[in-house]
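The values are calculated or read from the model by the stated rules, or taken from the named source; none is laboratory data. Computed from a predicted structure; not experimentally measured. No Cβ is skipped: glycine too gets one built from the backbone with ideal geometry, and neighbour counts run over all protein chains shown. Keep in mind that these areas ignore ligands, DNA and RNA; they rest on the heavy atoms of the full protein, side chains included. Shrake-Rupley method; radii C 1.70, N 1.55, O 1.52, S 1.80 Å.
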Amino acid sequence: MTDLPSRARVVIVGGGIVGCSIAYHLAKRGVTDVVVLEQGQLTGGTTWHAAGLVSQLKSSHSLTKLATYTARLFEELEAETGQATGYVRTGSISVASDPQRWEEILRGLSMAKSMGVESYEISPAEAKQMWPILNTDDLIGTVFIPGDGQTSPVDTTMALAKGAKDRGVRIIEGVAVERLRTENGRIVGVDTERGPIEAETVVLAAGMWTRQLARTAGVNVPLQACEHFYIVTEPIEGVLPGAPTLRDPTNYTYFKEEAGKVMAGFFEPRGKVWKLDGIPRDFMFGTIAEDWDHVGPIFERSMHRMPALGDSGIQLFFNGPEAFTPDGVYYLGESPEIDGCFVAAGFNSVGIQSAGGVGWVLADWIIDGAPPMDLWPVDIRRTFGFQADPEFLEQRIGESLGLLYAMHWPFRQYERARGIKKSPLHERLDAAGAVFGETAGWERPNWYAGAGQQRQYEYSYGKQNWFENSGAECRAVREAVGLFDQTSFCKFTVDGPDALTLLNWISGADVDVAIGKVVYTQWLNDKGGIEADLTVTRTGDESFFVVSAAATRTRDWATLQRAGRGKAVELADVTEDYAVLGVMGPNSRALLAKITDADLSDETFPFATSQDITVGGVESRALRVSYVGELGWELYVPWNDAVAVHDAVVAAGADLGLRHAGYHAMNTLRLECGYRHWSHDITDEDTPLEAGLGFAVAWAKEGGFLGRDALLAQQGRPLSKRLVQLKLEDQDRLLYHDEPVFRDGELVGRVSSAMWSYMLDRPLAMAYVNDADGVTKDWLDTGSFEIEVAGEKIPAAAQLKPWWPARVRG
């Protein structure tokens with residue numbers, strides 16, 4: 001029996017491919033005081049039964065970077081370690097049998113260009129040459145990615161483990177971690193079934209066991225095991241050695257050649273949750289009973305694509321559990337609850353193809369104290385407490401598994417586990433025709449249906465069924481007045497002698513302002529990157545009110561709490577104390593004047609200020625700010641009084657053109673005015689200068705601010721990367737995100753966000769573009785720009801200033 005050390009700098013819980021990759025990359029960075037604890041044997045949880053597919057193109061730029069790194073690493077790993085990995089570059093094929101799926105694949109093909117992934121269209125006949133048993137009769141298009149591959153999950157894990165051990169990492173099998181040890185909000189070690197180990201850092205890479213282990217320290221990791229099915233046939237004549245992986249998402253199936261046999265794996269529309277109450281300690285190299293009733297209909301569909309499956313024997317019917325998450329994307333990073341506790345889990349069947357990149361970025365994060373790139377799509381800080389509820393997991397996880405091979409429609413909404421959080425205005429908005437979407441658990445009106453209209457989405461890559469409705473909402477805000485429910489915005493209070501010092505250090509702007517002043521600012525990191533984009537209102541000498549986005553509530557709260565440790569401050573999350581009504585548009589002042597005695601003039605109530613006023617008989621906090629570029633006020637109303645204020649606003653606006661407006665309209669309106677959206681247009685690897693937000697930086701404020709030195713190094717120099725405004729010169733194609741941007745035929749950037757503009761009758765977008773000599777107005781004016789959409793390059797106009805001028809004053 002191997003002796004346990006009493007301490008280690010890093011303890012990694014879990015000896016699958018992810019845990020071993022993290023250990024390997026830590027050791028490569030010189031951190032070798034690392035212990036990997038595996039409760040059974042290496043790979044015995046999920047890794048051993050993975051299909052071993054290594055694909056590069058993912059749904060976001062960050063995920064693709066991690067996957068492409070993995071592919072490069074696996075190609076080189078055997079030569080470095082001397083341990084065979086079984087990696088082979090086979091390429092992969094994706095097929096489409098209907099126009100909608102083909103457009104999705106073509107859009108992915110264009111996105112691949114912006115991410116440096118080689119891919120190109122091939123004919124169905126060429127695909128059949130690689131897979132002679134492929135039925136191509138109904139195919140309308142196929143795409144080939146030559147750099148994709150396949151590997152042996154077990155052998156690759158052993159190679160990573162060998163590379164780590166050769167550098168001094170200890171890997172101990174047969175030892176389970178029973179609980180995490182913490183003190184004063186920081187991890188201090190683990191308790192194993194054979195005794196404690198002290199540690200500065202603990203990494204939870206325990207796969208489907210992670211949720212229950214994390215819970216012992218109050219860390220929320222909402223994942224759940226689901227059954228995953230595949231079959232392996234007897235040898236089939238015509239199956240060529242080294243055939244590329246083939247994906248037929250319309251029929252929920254992937255195909256892989258294995259020694260002349262065919263592995264067919266399934267992502268059925270509704271997944272089966274397994275062991276909701278917890279995974280047994282001794283489940284090692286385990287399988288689950290067959291369920292032909294569940295998977296049989298999908299197998300029938302797979303035989304349509306490869307009819308030979310129906311005539312061959314089945315050598316193996318496999319059913320094994322894998323961990324899935326509510327949004328279908330894995331978790332990575334330092335937990336928001338406990339310092340030094342990192343998570344790498346919930347891989348949604350892409351653990352093998354992500355493992356290399358995950359090991360790289362998590363090792364850097366642990367050693368350097370920050371991630372090496374924007375990782376928000378996988379950041380554990382995107383989670384919420386309600387997602388750990390068993391009822392929520394049972395409903396949502398099965399749906400998220402099913403969406404892996406479903407159409408990835410723009411604006412697609414989850415159907416299950418809904419209604420978690422509702423604004424107090426929910427019934428009023430429902431009666432007004434609201435069609436709700438879900439963000440961070442909140443039911444929010446995305447658009448409003450008219451009388452007799454269908455109140456559900458009809459998805460497409462073109463103008464969806466809400467297009468005209470949202471246009472009417474936008475025009476109301478631009479020409480009259482709109483009413484938004486912004487209750488889901490997160491709201492924090494910061495009070496105490498050190499409140500100003502705390503906020504001024506993490507904020508780029510100066511929040512040492514007069515009481516009642518609203519400050520638009522970014523919270524920054526030491527590299528000058530944007531960690532948050534929000535407003536801070538000074539409400540007293542030592543009191544402040546912070547408002548940010550619903551989706552970043554956990555992240556922003558963690559940032560605030562960590563920055564406030566050791567300081568004389570009191571922090572409170574008051575999100576559910578207030579409903580928020582946004583009254584926006586040129587008629588907003590006239591409307592509110594009917595239901596308040598407050599003076600709303602520019603002189604008395606100027607832009608970017610806050611006052612406590614009585615609205616509709618209710619004491620409320622009014623902020624004169626706007627995310628839609630029009631005159632307006634956000635009304636922060638006590639939760640229980642919100643309906644009364646709503647009704648007063650609606651009655652007062654009856655003769656002023658008032659219209660309820662949803663979040664699709666808000667997104668269009670903010671984009672017309674060039675207002676940035678954190679996580680799309682600005683992230684922790686973008687600086688205010690690159691993002692065109694230099695006006696929000698208080699360079700000379702007393703005490704400086706976090707990231708100031710990094711920004712000073714950029715100041716006054718040509719910026720090789722800048723956020724620009726784009727207008728597509730096409731009234732029929734829509735933009736969404738990550739479309740490649742070309743200048744004079746050369747790839748220079750990618751779209752960060754986009755919406756249709758009803759004011760300009762064109763799609764608008766923001767995009768970061770790059771030029772070594774500096775992105776300037778002259779460089780933009782003298783270039784010819786195009787954006788590629790589904791394989792077609794379309795002319796676009798580019799400029800630094802917004803396409804629609806904000807009219808927030810007046």
Open item on the list: Can you list residues from other chains, or at least 5 along the same chain, whose modelled amide H is less than 5 Å from the amide H of residue 189?
Closed with: 181, 199
TODO: Ignoring everything but the protein chains, give the 1.4 Å probe accessible area of residue 746 in square angstrom, nearest 10.
DONE: 120 Å²
Open item on the list: For residue 643, what accessible surface area do you get with a 1.4 Å probe? Give it in Å², rounded to 10.
Closed with: 40 Å²
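Please arrange 633, 505 by accessible surface area, largest first, computed with a 1.4 Å probe and ligands excluded. The partial results should precede the final answer.
Values: 633 0, 505 120 Å².
Result, largest first: 505, 633.
For 520, 69, what's the largest-to-smallest order of accessible area, 1.4 Å probe? The partial results should precede the final answer.
On the way: 520 80, 69 50 Å².
Sorted descending by solvent-accessible area, the residues read 520, 69.
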Task: the chain: angle of helix 153-165 to the longest principal axis, Cα-based, in degrees nearest 10 - done: 80 degrees
Task: Karplus-derived HN-Hα couplings along segment 661-675 (A = 6.51, B = -1.76, C = 1.60, θ = phi - 60°), whole Hz, x at Gly and Pro - done: 9, x, 6, 5, 5, 4, 5, 4, 4, 5, 6, 4, 8, x, 7
Task: Integer Hz, Karplus 6.51/-1.76/1.60 couplings in order for segment 778-789, x for Gly and Pro - done: 5, 4, 5, 5, 8, x, 9, 9, 9, 10, 8, 10
Task: Options 429, 390, 451, ranked by Cα towards positive dipole end of segment 357-454, top entry (Cβ charges) - done: 451
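Quick one: length gained pulling residue 710 to residue 576 fully straight, 0.36 nm per residue minus the C-alpha distance?
Numbers: separation 134, 0.36 × 134 = 48.24 nm, distance 3.68 nm.
Gain on stretching residue 710 to residue 576: 44.6 nm.
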Open item on the list: Can you give the FRET efficiency to the nearest 0.05 for residue 567 and residue 479, using r as the Cβ-Cβ distance and R₀ = 56 Å?
Closed with: 0.75
Task: Angle in degrees between helix 390-402 and the longest Cα principal axis of the chain, rounded to the nearest 10 - done: 70 degrees
Task: residue 732 paired with residue 720, simple spin-label distance in nm, labels 7 Å along Cα-to-beta-carbon - done: 4.0 nm
Task: J(HN,Hα) series, segment 437-453, from Karplus relation 6.51 cos²θ - 1.76 cosθ + 1.60, nearest Hz, glycine and proline x - done: x, 10, 9, 6, x, 7, 7, 10, x, 7, 7, 10, 7, x, 4, x, 7
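Calculate the FRET efficiency for residue 513 and residue 285 from the Cβ-Cβ distance with a Förster distance of 45 Å, rounded to the nearest 0.05.
Computed FRET efficiency for residue 513 and residue 285: 0.15.
Only Cα pairs under 8 Å and at least 6 apart count here; give the relative contact order of segment 163-321 as a rounded whole percent. Each step should come with its number before you reach the end.
Numbers: 240 pairs, mean separation 33.4, N = 159.
Over segment 163-321, the number comes to 21 percent.
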- [ ] Could I have the simple spin-label model distance between residue 427 and residue 292, label points 7 Å from Cα toward Cβ, reported in nm to one decimal?
- [x] 5.2 nm
- [ ] Report the full-extension gain for the segment residue 760 to residue 300: residue separation times 0.36 nm, less the Cα-Cα distance, to one decimal in nm.
- [x] 160.7 nm
Open item on the list: Amide H of residue 722 versus every other amide H placed in the peptide plane: which residues, excluding those fewer than 5 positions away on the same chain, fall under 5 Å?
Closed with: 769
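Give, in nm to one decimal, the length gained when the segment between residue 640 and residue 439 is fully stretched (0.36 nm per residue of separation minus the Cα-Cα distance). Before the final figure, lay out each step's value.
Values: separation 201, 0.36 × 201 = 72.36 nm, distance 2.21 nm.
Stretched fully, the residue 640-residue 439 segment lengthens by 70.2 nm.
Give a quick list of GluC sites (Glu not before Pro) in segment 158-251 that DSSP marks as loop, anything other than H, G, I, E or B, with at most 15 other Cβ atoms within 10 Å.
193, 237
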TODO: Using amide H atoms built 1.01 Å from N in the peptide plane, name the residues 5+ places from residue 579, or on other chains, whose amide H lies under 5 Å from its own.
DONE: 637, 639
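On average, how much accessible surface per residue is there in the chain, in Å², for a 1.4 Å probe, leaving out ligands, DNA and RNA?
In whole numbers, the chain has 36 Å² accessible per residue.
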- [ ] Once you've got the Cα coordinates, tell me which of 65/128; 701/777; 721/793; 463/793; 491/567; 128/256 are over 26 Å apart.
- [x] 65/128; 701/777
Open item on the list: What is the angle, in °, between the Cα long axis of helix 351-368 and the longest principal axis of the Cα atoms in the chain? Nearest 10 is fine, range 0 to 90.
Closed with: 60 degrees
- [ ] About the Cα centre of the chain, how large is the charge dipole given +1 on each Lys and Arg Cβ and -1 on each Asp and Glu Cβ? Please answer in debye to the nearest 20.
- [x] 600 debye
Task: Exposure rank, largest accessible area first [63, 276, 204; 1.4 Å] - done: 276, 63, 204
Task: Accessible area (Å², 1.4 Å probe, nearest 10) - residue 781 - done: 90 Å²
